[in-house]
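Scroll down for the structure; my scribbles are underneath it.
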Amino acid sequence: MFLGLITYPKLIFVCGAVFLAGFIDSIAGGGGVISIPAFLLSGLDPKVAFACGKTSACMGTTLAAGRYIKNKSVNWTAAIPSAIAALAGARIASLVVLALDPTVFQKIILFVLPFVAVFLIFKRDFGSVDESADVPRNKVIAVSIVIGLVLAFYDGLVGPGTGTFAIIAFTTLLKIDLRTASGTAKVFNWASNFSSAVSFVLAGKVIWTIALIAAACSMAGNYVGSGLAIKKNPAFIRVMLSVVCGLLLLKLGYDVLFN
């Protein structure tokens, strides 16, 4: 047993899953679909599992965001307003989560996801060119605030796929290319993860030894994934988005049918 909480084989399993989650998340978002179930399957208390998952994800996202920033693949006009709004959206979600049924949102997303996946598969030029300069600055700020509020709210209620939807929203609504949208979404995602991680830390739910080991794996996955996203053409990111949409469809479908 490791710290009397999980066995070493389960810890190794968690580390491998968190690395893969960080790799996928840094490119197309949706890493929580892999990492959170892995923490839960390890036998940790759900609150501890989510606490360690969010804390390690926050550290991994920090590294990925740093790489995108270093390579100038972030649209700051969109990133800053959406990140600030994400903090508010996460707070609003925490206030209403007990009053609403998350399965309502899950069913809505389940209906939308197949159309998104098909669109990404057949729209081969999606996000290949950055046309964000054609969008008025005031519109970019306003739309980014809405994206931050809505998706952070979704993150607080449902969770999986927040980063994926952010990439698609930045590309669709603000005409940002997929590579820059991915980097911009990482800044937004960092704010959302940071807000959640701080809440768990203050509540004393983080087992730091496990969280830090997982964070190292998450950072490694994010490092490799963000490097590929920066070097590859947008088609690579589009394919990864389609894969993540498929994973989200399976995850949310399972939650709705069996929970």
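Filter region 1-35 for residues that are polar (S, T, N, Q) and either in contact with a Pro (Cβ under 8 Å, 6 or more places away or on another chain) or surrounded by fewer than 23 Cβ atoms within 10 Å (Cβ to Cβ) (or both) and give the result. Break it down stepwise before answering.
Restricting attention to region 1-35, the residues satisfying the condition of being polar (S, T, N, Q) are 7, 26, 35.
Within region 1-35, Thr7 is the sole residue that qualifies.
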If you go through Lys186, Lys205, the only one that is surrounded by fewer than 24 Cβ atoms within 10 Å (Cβ to Cβ) and either of a type outside the set (Asp, Glu) or more than 23 Å from Val239 (Cα to Cα) (or both) is Lys205
Picked from region 126-166 (must be acidic (Asp, Glu) and part of a helix (DSSP H, G or I)), the residue surrounded by the most Cβ atoms within 10 Å (Cβ to Cβ) is Asp155
Those residues of region 182-217 that are at pLDDT 90 or above and touching a Leu at 6+ places or on another chain (Cβ under 8 Å) come to a total of 5
Does region 30-49 contain at least one residue that is at pLDDT 90 or above and of a type in the set (Lys, Arg)?
no
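Residue check: is Val118 modelled with pLDDT under 85, part of a helix (DSSP H, G or I) and over 16 Å from the mean Cα position of the chain (by Cα)? Reasoning before the result, please.
Details: modelled with pLDDT under 85: yes; part of a helix (DSSP H, G or I): yes; over 16 Å from the mean Cα position of the chain (by Cα): yes.
Here the answer is yes, as Val118 does meet what is asked.
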Thr172 passes all but one of the listed conditions (1) buried (at least 20 other Cβ atoms within 10 Å of the Cβ); (2) closer than 14 Å to Leu241 by Cβ; (3) among the polar types (S, T, N, Q); the exception is number (1)
Contact list, first residue from region 233-259 and modelled with pLDDT of 75 or more, second anywhere and surrounded by fewer than 21 Cβ atoms within 10 Å (Cβ to Cβ) and of a type in the set (Ser, Thr, Tyr), beta-carbon distance below 6 Å, six or more apart or interchain, is Pro234/Ser128
By residue number, the members of region 223-232 that are in a helix (DSSP H, G or I), modelled with pLDDT under 95 and not β-branched (Val, Ile, Thr) are Gly225, Ser226, Gly227, Leu228, Ala229, Lys231
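Within the group Leu110, Leu98, which residue is closer than 23 Å to Asp255 by Cβ, in a loop (DSSP other than H, G, I, E, B) and modelled with pLDDT under 70? Lay out the reasoning, then the answer.
Values: Leu110 fails: in a loop (DSSP other than H, G, I, E, B).
It is Leu98.
Is it the case, given these coordinates, that Gly127 is at pLDDT below 80 and on the phi > 0 side of the Ramachandran plot? Even if it seems obvious, please write down each step before you answer.
On the way: at pLDDT below 80: yes; on the phi > 0 side of the Ramachandran plot: yes.
Criteria met by Gly127.
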Residue match in region 36-58 (condition: surrounded by fewer than 21 Cβ atoms within 10 Å (Cβ to Cβ), among the aliphatic types (A, V, I, L, M) and closer than 23 Å to Val239 by Cβ) | no
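The values are calculated or read from the model by the stated rules, or taken from the named source; none is laboratory data. It should be emphasised that the depicted structure is a prediction, and the values quoted were computed from it without experimental measurement. Every residue, glycine as well, gets a Cβ built from its backbone with ideal geometry; the counts of neighbours run over all protein chains shown.
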